[in-house]
Amino acid sequence: MNILTWYGHATLGLETGGYRLLIDPFFHGNPAAALSPDQVAADYILVTHGHGDHVGDTVQIALRTGATVISNAEISGWMGIQGIEKRHAQHIGGGYRHPFGYLKLTMALHGSALPDGSNGGNPVGFLLTTSDSKKIYIAGDTGLFGDMRLIGEEGIDLAILPIGDNYTMGPDDALRAVKMLSPRHVIPIHYSTWDVINQNPQDWSARVTRETDSQVHILKPGEDFSF
Ligand code: NI
Ligand code: MN
């Protein structure tokens with residue numbers, strides 16, 4: 001059993017195999033998040049790229065909870081400078097068997113500068129195989145790319161895709177992504193946090209339902225999806 005929670009924007013929680021993961025924990029300053037960073041628990045924090053709306057409160061939460069931060073090598077090094085000792089660096093194409101599952105980093109088409117202007121390396125997505133053999137693809141902030149087909153070949157149970165447009169894929173390209181990935185379930189994120197990425201997820205869901213076999217789950221901030 002896996003429980004995926006959307007906290008608004010690109011912030012996710014995942015309970016899997018007895019571990020609590022946070023992905024891109026952006027609570028403070030996130031107009032869509034109801035929780036504050038001192039209320040959340042985590043064993044692991046996964047960071048897709050260096051932008052402020054993704055690094056978010058990682059440092060504060062990791063220092064308070066002792067969670068291990070997993071990211072690319074550049075962001076991992078920066079986390080070390082911020083005083084976080086428990087870190088695990090990986091890079092694109094590389095997988096590692098963590099206690100919570102096998103985590104592979106995937107490419108993402110985006111930027112990754114850190115909040116203080118440091119080099120955050122290349123942005124990534126995450127492909128997680130849980131201990132009960134479910135595959136979860138978290139695309140991260142990205143434009144559409146044809147190699148999503150290769151990711152889809154692995155057999156995706158749940159895909160989490162940005163649909164906001166402007167900074168990432170918009171609804172049209174996210175629909176094309178669903179067609180390449182063929183996930184059983186899909187959850188849209190990274191929309192309507194700010195006016196510039198306003199989208200109607202119901203309209204998008206209707207198109208996905210009409211044109212693919214994937215099931216869309218539109219969550220409200222704080223709502224979860226079990227699978
Ligand atoms: Ni970004
Ligand atoms: Mn973003």
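Quick look at the numbers
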{"read-out": "Sole exception among (1) within 16 Å of ligand 1 (Cβ to nearest atom); (2) part of a loop (DSSP other than H, G, I, E, B) for Ile84, by number", "value": "(1)"}
{"read-out": "Pick from the range 8-20, criterion away from ligand 1 (no atom under 16 Å from the Cβ) and under 11 Å from the mean Cα position of the chain (by Cα), ranking: farthest from Gly222 (Cα to Cα)", "value": "Leu14"}
{"read-out": "Matching residues in the range 144-172 - criterion: being part of a loop (DSSP other than H, G, I, E, B), touching a helix residue (DSSP H, G or I) at 6+ places or on another chain (Cβ under 7 Å) and either within 15 Å of ligand 1 (Cβ to nearest atom) or among the small types (Gly, Ala, Ser) (or both)", "value": "Ile163, Gly164, Asp165, Asn166, Tyr167, Met169"}
{"read-out": "Residue pairs meeting the criteria (Cβ under 7 Å; at least 6 apart or on separate chains; first surrounded by fewer than 18 Cβ atoms within 10 Å (Cβ to Cβ), in the range 163-179; second assigned to a helix (DSSP H, G or I))", "value": "Asn166/Val196; Asn166/Ile197"}
{"read-out": "Search result, residues across the range 94-113 that are aromatic (Phe, Trp, Tyr) and either within 16 Å of ligand 2 (Cβ to nearest atom) or not in a loop (DSSP other than H, G, I, E, B) (or both)", "value": "Tyr96, Tyr102"}
{"read-out": "Filtered residue count, the range 41-81, keeping only those that are free of Cβ contacts under 8 Å to residues at least 60 places away in the same chain and either within 16 Å of ligand 1 (Cβ to nearest atom) or farther than 12 Å from Phe26 by Cα (or both)", "value": "28"}
{"read-out": "Test: residue in the range 57-66 that is surrounded by 19 or more Cβ atoms within 10 Å (Cβ to Cβ), within 15 Å of the chain's Cα centre (by Cα) and either in a strand (DSSP E or B) or at positive phi (or both)", "value": "no"}
{"read-out": "Subset tally (residues that are in a loop (DSSP other than H, G, I, E, B) and surrounded by fewer than 17 Cβ atoms within 10 Å (Cβ to Cβ)) for the range 185-209", "value": "3"}
{"read-out": "Matching residues, the range 128-145, being surrounded by fewer than 20 Cβ atoms within 10 Å (Cβ to Cβ) and of a type in the set (A, V, I, L, M, F, W, C)", "value": "Leu144, Phe145"}
{"read-out": "Among residues of the range 10-55, those that are within 16 Å of ligand 2 (Cβ to nearest atom), surrounded by fewer than 24 Cβ atoms within 10 Å (Cβ to Cβ) and assigned to a helix (DSSP H, G or I), counted", "value": "2"}
{"read-out": "Residue tally, condition of a type outside the set (Gly, Ala, Ser) and touching a Leu at 6+ places or on another chain (Cβ under 7 Å), over the range 4-21", "value": "7"}
{"read-out": "Gly121 being more than 15 Å from ligand 2 (Cβ to nearest atom), modelled with pLDDT of 95 or more, at positive phi and out of contact with any Ser or Thr (no Cβ under 7 Å at 6 or more places or on another chain)", "value": "no"}
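The values are calculated or read from the model by the stated rules, or taken from the named source; none is laboratory data. Given the structure is predicted, the values throughout are model-derived calculations rather than measurements. Here the Cβ is made from the backbone with ideal geometry for all residues, glycine too, and neighbour counts use every protein chain on show.
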